[in-house]
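Okay, so here's the structure we're looking at.
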Amino acid sequence: MANNFSLSDQPLESLARLHVPPESGSVVTFWGRVRDHNEGRRVEGLEYSSYAELAVKEGQRIIDAAVRRFGLDAAQAVHRVGALAVGDAAVVVETASGHRGEGFEACRWIIDEIKHRVPIWKREHYQEGDRAWVSCHHETTTTAN
């Protein structure tokens, strides 16, 4: 499953790993997890929702742009949707490249772009019993930077 962006309602630990071509000397993986706090508040869990059709299209634009921009051999990202507990994986980004430098740069660029551009919304559940939508500002684009 090379060069792909997808959403999943299943635990990410059980999903297929990136197919790494034999010419790749570097594989970089980023796992984003649900933490137990945010902005001074205790978090008990959260939920992600998205506009799936647009999210997949925009996420795929990001992956395709990263492959071109950083000269990657392969890349993929998967973002969870639905209810997640503290410690669950929320997003995984994987890159394969000839050398580690472009792999690390691409991995960071991909996650930053996903957080900035892909219409995925996070609602945190707090220890006090209330809930709040957080980090819900996104810009979509049709250009591949």
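Values in this text are rule-based calculations from the coordinates and carry no lab data. Just so it is clear, the structure is predicted and the values come from calculations on it, not from any experiment. Glycine also receives a Cβ, built like all others from the backbone with ideal geometry; neighbour counts cover every protein chain displayed.
Of the GluC sites (Glu not before Pro) in the range 1-46, which ones lie in a loop per DSSP and count no more than 16 other C-beta atoms within 10 Å? Mind showing how you got there, number by number?
Working: sites: 13, 23, 39, 44; in loops: 23, 39.
Those that pass, being in a loop and sparsely packed, are 23, 39.
Can you give me the angle between helix 100-117 and the longest principal axis of the chain, using Cα atoms only, in degrees from 0 to 90, rounded to the nearest 10?
With rounding to tens, the tilt is 40 degrees.
Round to the nearest 10 and give me the degree value, 0 to 90, for the angle of helix 52-70's Cα axis relative to the longest principal axis of the chain.
It is inclined by approximately 40 degrees.
Rank the residues 80, 41 as a footprinting-exposure proxy: fewest other Cβ atoms within 10 Å of their Cβ go first.
If I rank by nearby Cβ atoms, fewest first, I get 41, 80.
Based on the Cβ-Cβ distance of residue 49 and residue 29, what FRET efficiency does E = 1/(1 + (r/R0)^6) give at R0 = 30 Å, to the nearest 0.05?
Efficiency at R0 = 30 Å is approximately 0.75.
Taking other Cβ within 10 Å of each residue's Cβ, how do 50, 14 sort, fewest first?
Placing the least packed residue first, the sequence is 14, 50.
Which percentage, to the nearest 5, of the DSSP beta bridges contained in the chain is antiparallel?
Bridges in the chain that DSSP calls antiparallel: roughly 85 percent.
What is the calculated FRET efficiency for residue 134 to residue 6, with r their C-beta to C-beta distance and R₀ = 25 Å, to the nearest 0.05?
Efficiency, from the Cβ-Cβ distance: 0.60.
Assuming R0 = 22 Å, what is the FRET efficiency of residue 36 and residue 16, from their Cβ-Cβ distance, to the nearest 0.05? Kindly include the intermediate steps, with their values, before the conclusion.
Numbers: r = 29 Å, r/R0 = 1.31.
After rounding, the FRET efficiency stands at 0.15.
By count of other Cβ within 10 Å, fewest leading, how are 34, 56 ordered? Before the final figure, lay out each step's value.
Working: 34 20, 56 17.
Going from least to most buried by this count: 56, 34.
When only Cα pairs under 8 Å and 6 or more residues apart are kept, what is the percent relative contact order across the range 4-134?
Computed over the range 4-134, the figure is 37 percent.
Among (i) 16.9; (ii) 15.6; (iii) 18.4, only one was calculated for this model; which label is it, if the read-out is Kirkwood radius over Cα pairs in Å?
The value computed from this structure is option (ii).
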